[in-house]
Each structure stands twice: as structure tokens, then as C-alpha cells.
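The values are calculated or read from the model by the stated rules, or taken from the named source; none is laboratory data. Here the structure is a predicted model, which is why all the values come from computation and not from measurement. A quick note on method: Cβ atoms are made from the backbone with ideal geometry, for glycine too, and the neighbour counts reach across all protein chains shown. Accessible surface areas use protein heavy atoms only, side chains included; no ligands, DNA or RNA. Shrake-Rupley method; radii C 1.70, N 1.55, O 1.52, S 1.80 Å.
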Amino acid sequence: MRINALPSGNGFTFDISHAPEKSLARAGTISTPHGDIATPAFIPVGTKATVKAVLPETMKELGAQALLSNAYHLYLQPGPDVLDEAGGLARFMNWPGPTFTDSGGFQVLSLGVGFKKVLAMDAQTFRSDDVIAGNKERLAHVDDEGVTFKSHIDGSMHRFTPEVSMQVQHQIGADIIFAFDECTTLHNTRRYQEKALERTRLWGIRCLDEHQKLTLERSQKPYQALYGVIQGAQYEDLRKKAATDMAALRSTDPDSPIGFDGFGLGGALDKKTLGTILTWMNEILPAEKPRHLLGIGAPEDLFVGVENGIDTFDCVLASRIARTSAVYTMVGRNNLSNAVNRRAFEPIDDECDCYTCKHYTKAYLHHVFRGKEMIAATLATIHNERFIVRLVDQMRAALVSGDYFEFKEQFMGRYKHLSGQARD
Ligand SMILES: [Zn+2]
């Protein structure tokens with residue numbers, strides 16, 4: 001099936017080529033003005049318009065099809081006007097492909113209120129001080145209009161509203177942008193979750209209105225697709241309500257009301273119930289529109305996402321753990337700083353086809369990590385990003401050839417689980 005999410009000729013489409021029966025999984029292609037993304041796909045994160053330690057050319061070579069940056073960080077520095085003047089995010093960072101920006105909703109709340117940067121996925125290992133740093137000054141205030149927050153860089157005061165988030169994301173110019181949402185945690189009360197959900201719904205309408213206005217005003221710019229964000233924490237009725245509401249949401253323009261081009265599935269998610277929660281949402285969301293799972297990227301969770309109807313993923317985990325010398329292998333994670341690697345004159349993973357594994361040994365990586373050499377982060381990040389990008393590409397190939405579940409069984413039979421949900 002083929003759809004044009006907004007008036008024809010805008011350059012954004014989603015084609016589903018394979019959708020196995022008795023599963024929500026699908027393989028397809030998202031087309032954007034800056035190129036195509038074969039889905040399912042893992043989208044590496046370059047929070048501040050750079051994947052830390054790795055050249056964009058190298059990201060392309062290792063198979064990344066698109067990159068995701070963050071509107072909050074780019075708003076604070078260098079400022080969205082700079083990116084607009086540079087010709088948009090892709091041109092600014094010399095990335096020859098599609099880009100996404102996260103709305104800033106998660107960051108103004110997480111960096112502002114004093115969440116730690118990593119939201120643990122597993123609620124059982126979640127302590128309250130992992131969520132709200134106790135003695136930290138409260139740096140963000142949410143009201144029905146928007147969020148007032150203090151910059152984590154210099155303490156200056158700022159205000160994000162749905163309109164501001166759209167203006168900032170239009171100036172940054174990514175191909176796929178997200179509606180401004182209130183991201184809650186699993187520990188907010190049920191009453192608060194209901195309130196946040198309704199606020200996100202009303203903000204969604206304001207995002208659509210502002211997006212429609214800016215799209216018309218800036219009609220000479222490449223079309224940007226807007227995804228609505230589904231929240232609702234761990235509650236079945238709230239997740240279903242959010243999916244129903246967001247799918248039906250339209251701008252208030254009486255002549256040509258627009259809806260969302262796709263959907264972002266957000267919020268802190270409990271690892272054990274991830275698949276169930278995705279099913280609640282994806283059985284309701286229109287099948288013909290693409291779905292992005294925000295901030296999830298551990299191998300075992302990617303399988304859960306793909307078979308429950310996710311088309312694209314982003315996560316900072318692969319690059320963040322690489323900088324601490326942790327690398328993925330076919331049998332689980334390895335730490336290159338461990339003494340056992342001192343004389344390991346073999347690649348990180350002999351089944352990996354990345355540049356690092358082709359040219360370097362674990363012994364060399366152990367040496368450069370111990371010596372705190374900058375090349376350590378570069379080589380380890382190349383490996384981890386390739387590992388995750390390739391894994392999702394392999395899932396796609398297995399969906400196309402009809403042996404997805406065999407591939408999953410083979411991979412998971414060897415791979416040892418480790419949790420991870422992480423957003424910058
Ligand atoms: Zn490798």
C-alpha cells in the first residue's frame with residue numbers, strides 16, 4: 001500500500017512491502033526529501049548534530065540510513081536560526097541522508113526536573129532517586145501552555161510550548177519531526193498520567209496547527225513529516241486511549257485539516273511488558289503510517305519492537321556504552337578494558353564486518369582504552385553502531401525472506417540479555 005500523508009507531491013511516503021500474517025511486523029520503505037529508509041531500521045543518534053567520535057561519512061559506510069538529533073540541545077546551542085541559515089540539519093553536519101529531530105519534550109523535562117539521563121527500563125531496578133535527583137533544584141515547570149525550564153548549560157531561563165517546538169524543529173529542518181509531548185515516568189501517579197495524557201493530546205492539536213502554518217509559510221523548504229507521540233505509561237486503557245486520540249487528531253483548519261504523518265511511541269517502558277504495551281498501541285494505530293519507538297536499542301528489545309509493529313528505532317546506548325569500552329558481540333556484551341583482553345589478538349567479534357573488526361584487535365582496543373586515547377571511542381563506537389544497524393537490517397531481510405522467527409531464535413539462543421533504554 002502507498003500513502004501520501006499530506007497533499008501529494010510533498011516527498012514523504014511510506015510503502016509496506018512485506019507484512020507476515022499473524023504478526024504486527026512489517027518491512028517497508030519510508031521516503032523523505034533527503035532519501036529513503038528501508039524499514040525496520042535502527043537510526044543512530046547524533047544528539048548535538050554529531051555522532052560522538054565518528055565522522056558522518058563513516059556512519060554512512062557502516063550502514064546508517066538516517067540520523068536523529070535533538071531539538072532541545074540544538075535550540076540551546078548553536079541555536080535553530082544557525083541551522084536554518086546553514087540549509088538545515090543534514091547540510092550543516094555534512095550528512096548525506098534523512099534526519100529526525102526529537103521534539104525536546106523529553107529533554108526539557110528530564111534534564112530540567114533533574115531526572116538522571118538514563119531512564120532505566122526495568123521498573124524493578126528503578127529507585128526513586130534514579131528518577132528525581134533528590135537535592136537538585138527543580139529546573140522545569142510544566143503548565144497547560146508549555147514548559148518553563150532552566151538551561152543545563154548556563155542556567156538561563158527558557159520556555160518551550162508546542163508552537164515553539166514546531167518553530168525550532170522547522171528551523172532545524174529534519175525530514176521527520178516529533179510533536180511536543182509530556183513524558184512521564186512509571187512512578188507518576190495514575191491521576192497525573194491522565195492529566196499528562198490530556199495535555200499531550202491538546203498540545204498535539206497545537207503542534208498540527210503550527211506545523212501546517214509553518215509548512216505553508218516555508219513552502220520552498222523540503223517537506224517535514226510530523227509524528228504524534230503516544231504516551232500512557234504502563235496503563236492499558238491510557239495507551240489505547242492515546243493511540244485512538246492521536247490517530248484521530250487533526251489540525252483546526254476547517255478547509256484542509258491535517259493529521260500526523262506517523263507516530264512516535266514514547267515514555268519509560270518496563271522491559272517485561274514492552275511487547276504487550278506495543279501491541280496495545282499498534283493494533284489501534286493506522287497500519288499504513290510509520291511508527292518510531294523512542295529511545296530503545298538493546299538487541300533483545302529491538303526484536304520485541306520489530307515483531308510488534310515498529311518501523312524505526314533510535315537509542316544513544318550503542319555509542320554511549322562504546323565510550324566506556326563496552327561492546328556488543330554475538331554472545332553478549334564484552335568490556336574491552338578488562339585484563340582478559342590484554343593479549344587478545346583477535347577482533348571484537350569475528351562475525352562482525354565493521355571497519356574496526358576488519359583492522360583492529362581487542363588487545364589494541366584494550367591498550368587505547370587504558371591509555372585514554374581518543375581513537376578508542378571512535379573504534380568502539382564504529383563497532384557498536386554497525387552491530388545494531390546490521391542486526392535490524394538482518395531482521396528486515398528475515399522478514400522479507402519469511403524466516404524472521406528462525407533468525408530470532410538463532411540470535412537470541414546465543415546472546416545474553418542486558419537491559420537498556422537510553423535517550424540523551
Ligand atoms: Zn565490529
Exercise. Roughly how many Å² is the accessible area per residue of segment 135-212, as a whole number, for a 1.4 Å probe?
Worked result: 42
Exercise. Taking the simple approach of a point 7 Å from Cα along Cα-to-Cβ for both residue 221 and residue 38, what is their distance in nm?
Worked result: 3.1
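Can you work out the FRET efficiency for the pair residue 253 and residue 189, with r the C-beta to C-beta distance and R0 = 35 Å, to the nearest 0.05? Spell out each step's value before the answer.
Numbers: r = 36 Å, r/R0 = 1.03.
Between residue 253 and residue 189 the formula returns 0.45.
Please tell me the relative contact order of the chain in percent, rounded to the nearest whole number, where contacts are Cα pairs under 8 Å and at least six residues apart.
Working: 875 pairs, mean separation 78.6, N = 424.
Answer for the chain is 19 percent.
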Problem set entry | Residue of 352, 207, 183 that the Gaussian network model of the chain assigns the largest fluctuation, springs spanning Cα pairs under 10 Å | 352
Exercise. Once phi is turned into θ = phi - 60°, what whole-Hz ³J(HN,Hα) does the Karplus curve with 6.51, -1.76 and 1.60 give for every residue of segment 201-211, x standing for Gly and Pro?
Worked result: 5, 5, 5, x, 5, 5, 5, 4, 4, 5, 4
Seminar exercise, completed: Per-residue accessible area, 1.4 Å probe, largest first, puts 280, 95 in the order 280, 95
Exercise. Using the heavy atoms of the protein chains alone and a 1.4 angstrom probe, what is the accessible area of segment 7-117 per residue in square angstrom?
Worked result: 36
Problem set entry | Inter-label distance for residue 339 and residue 374, nm, one decimal - labels placed 7 Å from Cα along Cα-to-Cβ | 3.2
For this session: Measure off 7 Å from each Cα along the Cα-to-Cβ vector at residue 86 and residue 397, then give the distance between these two points in nanometres to one decimal.
Result: 3.4
Exercise. In whole Å, what is the distance between the alpha-carbon centres of segment 25-80 and segment 320-353?
Worked result: 25
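For residue 240 and residue 55, what does the FRET efficiency come to when R0 = 30 Å and r is the distance between their Cβ atoms, rounded to the nearest 0.05? Mind showing how you got there, number by number?
Working: r = 43 Å, r/R0 = 1.45.
So, using R0 = 30 Å, E works out to roughly 0.10.
With a ≥ b ≥ c taken as the square roots of the eigenvalues of the C-alpha gyration tensor of the chain, please select rounded if a/c is under 1.5 and otherwise prolate if a/b is larger than b/c or oblate if it is not? Display every interim value, and only then the final one.
Working: a/c = 1.44, a/b = 1.32, b/c = 1.09.
Cα axes put the chain in the rounded bin.
Tell me, what % of the accessible area of the chain is carbon and sulfur with a 1.4 angstrom probe?
Numbers: 8860 of 17170 Å².
Accessible surface attributable to carbon and sulfur in the chain totals 52 percent.
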Exercise. Tell me, what is the per residue accessible area of segment 232-292 in Å², probe radius 1.4 Å?
Worked result: 36
Exercise. Does anyone have the angle between helix 374-401 and the longest principal axis of the chain? Alpha-carbon axes, 0 to 90°, nearest 10?
Worked result: 70
